[in-house]
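The values are calculated or read from the model by the stated rules, or taken from the named source; none is laboratory data. Please read these numbers as outputs of a predicted model, since none were measured by experiment. Cβ: placed from backbone, ideal geometry, glycine included. Neighbour counts: every protein chain shown.
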Amino acid sequence: MTAVRSRWTGPAAVALAIVAFGYLVSRQDWWAAALAWMFPGQPDTIYPSASVALLVMQHLEIVGVSSAFTLMLGLPLGIWVTRGSGRDFRDVVAATVDFGQSFPPVAVLALTLTIFGFGPWPPILALTIYGLLPVVSNTVAGIEAVPPAVLDAARGMGMDRWRVLFEVELPLAARVIMAGVRTSVIIIIGTATVAAITGFGGLGAPIFAGINVQNYAFVLEGAAAAAMLAVLADVALAQVERLVTPAGAGTG
């Protein structure tokens, strides 16, 4: 009973933190008062075009879609290059996702704007590419860390390759894979501020507006909310990692 209570204490705390964050971003008057106190000489201290709550919702929308596409592409890629049919392509996949993260998202935006125009799709594509590396690399590392003796035992019990993958390899690799997912999501949250360039909005909107007019209250408004969102996402995904990791599957 104590173990069950301990296992669910973390998620309960995260749920309370999410509620507290939601309440905080909904209090536009608190943000206006805090920014006015920190920048007393600035006549406009709160971004006028959208509330903090709306900016956070826009940011979450693009982060959620981009992260979903990253997982849908990255997890199968990572699994595939550990199978017989994909091992010969491992170096190619690794080089591609490495290049994807080294290529500046703003440059990807510039290229995709000519195809999709303004809106959410250019930043979604850029963020999806940018978040692939940790997901693919951790999926490969997690699966390859499964002891060969465990795999031999599973096959000796009559499991086919799909059962071995889904009932043995992925559960034992879950901790390492989730660590990669956490890293990817945090990268996407921070980089998603570039979405404002395409007119989509999000927490990058006050940051870019503040830079353009040299109003650092706007910059702090967007940056502070993005930082809090990244910390909250990291803590929440750490609890998901803990819940999906089988007991005794690893503590590192």
Take the residues in region 41-73 that are more than 16 Å from Ala224 (Cβ to Cβ) and among the small types (Gly, Ala, Ser); name whichever of them is surrounded by the fewest Cβ atoms within 10 Å (Cβ to Cβ). Gly41
Within region 149-166, can you find the residues that are without any contact (Cβ under 8 Å) to a residue 12 or more places away in the chain and either more than 25 Å from Val181 (Cα to Cα) or outside any helix (DSSP H, G or I) (or both)? Ala149, Asp152, Ala153, Arg155, Gly156, Met157, Gly158, Met159, Asp160
Quick one: Gln42 ticks every box in (1) among the polar types (S, T, N, Q); (2) over 28 Å from the mean Cα position of the chain (by Cα); (3) within 30 Å of Leu151 (Cα to Cα) bar one, so which box is it? (3)
Are any of the residues in region 220-234 free of Cβ contacts under 8 Å to residues at least 24 places away in the same chain and over 20 Å from Pro123 (Cα atoms)? yes
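Within region 38-45, does at least one residue satisfy the condition of being of a type in the set (Asp, Glu) and modelled with pLDDT of 90 or more? Spell out the reasoning first.
Of all residues in region 38-45, those of a type in the set (Asp, Glu) come to 44.
From the residues that got through so far, the ones that are modelled with pLDDT of 90 or more too are none.
Looking through region 38-45, none of the residues is of a type in the set (Asp, Glu) and modelled with pLDDT of 90 or more.
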All but one of (1) among the aliphatic types (A, V, I, L, M); (2) part of a helix (DSSP H, G or I); (3) crowded, with 17+ Cβ neighbours inside 10 Å hold for Val146; state the number of the condition that does not hold. (2)
Which numbered condition Thr193 fails, given (1) under 21 Å from Gly64 (Cβ atoms); (2) in contact with an Asp or Glu (Cβ under 7 Å, 6 or more places away or on another chain): (2)
List pairs: first in region 3-26 and farther than 17 Å from Ala233 by Cβ and modelled with pLDDT of 90 or more, second of a type outside the set (Ser, Thr, Tyr) and in a helix (DSSP H, G or I), Cβ under 9 Å, 6+ apart or cross-chain? Ser26/Val52; Ser26/Ala53
So how many residues does region 77-124 have that are among the charged types (D, E, K, R) and surrounded by 11 or more Cβ atoms within 10 Å (Cβ to Cβ)? 4
Candidates Gly84, Gly64, Gly100, Gly119, filtered to the one that is closer than 30 Å to Gln28 by Cβ, modelled with pLDDT under 85 and either in contact with a helix residue (DSSP H, G or I) (Cβ under 8 Å, 6 or more places away or on another chain) or not aliphatic (A, V, I, L, M) (or both): Gly119
Show the residue pairs meeting these rules: Cβ distance below 7 Å; 6+ apart or different chains; first residue within region 236-252 and at pLDDT 60 or above and assigned to a loop (DSSP other than H, G, I, E, B); second residue surrounded by 16 or more Cβ atoms within 10 Å (Cβ to Cβ) and basic (Lys, Arg). Thr245/Arg175
